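Reading through the structure tokens given below for one structure.
Bear in mind these aren't lab numbers, they're just calculated from the coordinates by the rules spelled out. Please read these numbers as outputs of a predicted model, since none were measured by experiment. Quick reminder, even Gly has a Cβ in these numbers, built from the backbone with ideal geometry, and neighbours come from all protein chains shown.
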Amino acid sequence: MTTLPTMNLSPFPQRHSDSPLSHSERSEESSALARNNLTMKQFKNALSKGLYPAPASSRSGAGFTLIELLIVITLIGILAVAVLSALNPIEQINKARDARARGDSAQLLNAIDRYFAANLVFPWTEFVTTPAYNNDSAFGAPAYVQGVGVCAATDPLNTAGDADDPGAGAGGCTAPGLLVVQDELKSAFASKSYFETGVGDSDAGKTLWVYKQKSDPSIYVCFKPSAKVNQDKADDTNSTLKYITFTDPTTIDTLVPIKQCNPGTDPADPGSDGVNWELDNPAEWCFMCVPE
């Protein structure tokens with residue numbers, strides 16, 4: 001009797017032993033299951049052989065583990081600290097403040113120049129009370145005194161008063177000064193923080209300063225720099241920062257000439273760098289001025 005060859009009727013690849021399935025064998029038999037319409041019996045048989053779940057290589061849409069999330073969050077934090085350290089938001093704010101002060105100084109200087117061109121005198125010479133200034137006199141004062149022309153100490157303006165009387169108010173100037181009255185400056189300029197009450201007493205560094213040397217028509221409008229990058233210019237031998245001393249206004253002809261800032265000498269501060277930016281005393285600072 002002739003023996004017929006045995007045929008493999010199973011949907012799975014033929015195996016010749018009952019040894020455990022290898023990874024490649026599982027993948028091959030999983031593919032065979034996918035190609036055939038399995039009956040429940042075949043599915044149970046496949047399940048008993050460990051063909052399900054499918055090999056890990058076929059998984060998709062897996063989420064992040066907790067450790068992976070922690071690593072990502074840590075890296076983001078490190079990058080954020082590095083970016084903030086590089087940008088230094090406080091320094092950026094101070095740079096913007098210095099840029100604004102420079103622009104306002106130029107605006108005030110131009111207004112004084114226009115006033116002189118129209119009237120042939122400086123605003124502070126219009127006040128008759130001692131000390132009475134003339135065009136050749138030295139003049140140095142914070143911008144909120146009425147002699148500068150932005151503010152007036154009384155409303156209405158009274159030129160019979162003292163040029164050195166302060167005109168600062170709660171929200172800016174107490175009243176408009178000569179430059180505003182004669183339309184050399186807009187009234188909004190007089191409401192800036194430079195002209196608020198207290199800037200001359202509690203924080204002199206927040207106002208502008210007007211300076212003119214004796215027998216010299218040149219006018220400077222200066223301010224204390226806030227940004228460290230600008231303060232550090234004081235240590236540069238070619239610094240554009242100026243040293244200015246504001247003396248008693250009654251001795252109007254003894255105002256010290258404007259100098260290049262020279263820490264340790266001008267100003268001669270006992271501190272290590274010669275400039276004490278923290279003291280509320282203009283004699284201890286170096287100024288940024290317009291023109292430089």
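Can you name every residue in the range 74-120 that is in a loop (DSSP other than H, G, I, E, B) and under 26 Å from the mean Cα position of the chain (by Cα)?
Hit for the range 74-120 is N88, nothing else.
Could you tell me which numbered condition A143 fails, if it satisfies all but one of (1) touching a residue at least 40 places away in the same chain (Cβ under 8 Å); (2) farther than 23 Å from C286 by Cα? Of everything listed in (1) touching a residue at least 40 places away in the same chain (Cβ under 8 Å); (2) farther than 23 Å from C286 by Cα, A143 misses just condition (2). Within the range 121-132, is there a residue that is touching a Pro at 6+ places or on another chain (Cβ under 7 Å), part of a loop (DSSP other than H, G, I, E, B), in contact (Cβ under 8 Å) with a residue 40 or more places away in the chain and not aliphatic (A, V, I, L, M)? Looking for residues that are touching a Pro at 6+ places or on another chain (Cβ under 7 Å), part of a loop (DSSP other than H, G, I, E, B), in contact (Cβ under 8 Å) with a residue 40 or more places away in the chain and not aliphatic (A, V, I, L, M), one finds at least one in the range 121-132, hence yes.
Look at the range 94-105: where a residue is touching a residue at least 12 places away in the same chain (Cβ under 8 Å) and a partner is polar (S, T, N, Q) and assigned to a helix (DSSP H, G or I), sitting 6+ places away or on another chain with Cβ atoms under 9 Å, you get N94/N230; K95/N230; D98/N230. Comparison of T197, T159, T174 shows that the only residue that is polar (S, T, N, Q) and surrounded by 20 or more Cβ atoms within 10 Å (Cβ to Cβ) is T174. Answer yes or no: is there a residue in the range 109-118 that is without any contact (Cβ under 8 Å) to a residue 24 or more places away in the chain and either in contact with a helix residue (DSSP H, G or I) (Cβ under 8 Å, 6 or more places away or on another chain) or farther than 22 Å from C289 by Cα (or both). There is no residue in the range 109-118 that is without any contact (Cβ under 8 Å) to a residue 24 or more places away in the chain and either in contact with a helix residue (DSSP H, G or I) (Cβ under 8 Å, 6 or more places away or on another chain) or farther than 22 Å from C289 by Cα (or both). For the range 163-193, residues that are over 30 Å from the mean Cα position of the chain (by Cα) and hydroxyl-bearing (S, T, Y) total 1. Annotation note: of L109, L66, L120, the sole residue that is surrounded by fewer than 10 Cβ atoms within 10 Å (Cβ to Cβ) and either acidic (D, E) or closer than 19 Å to S218 by Cβ (or both) is L120.
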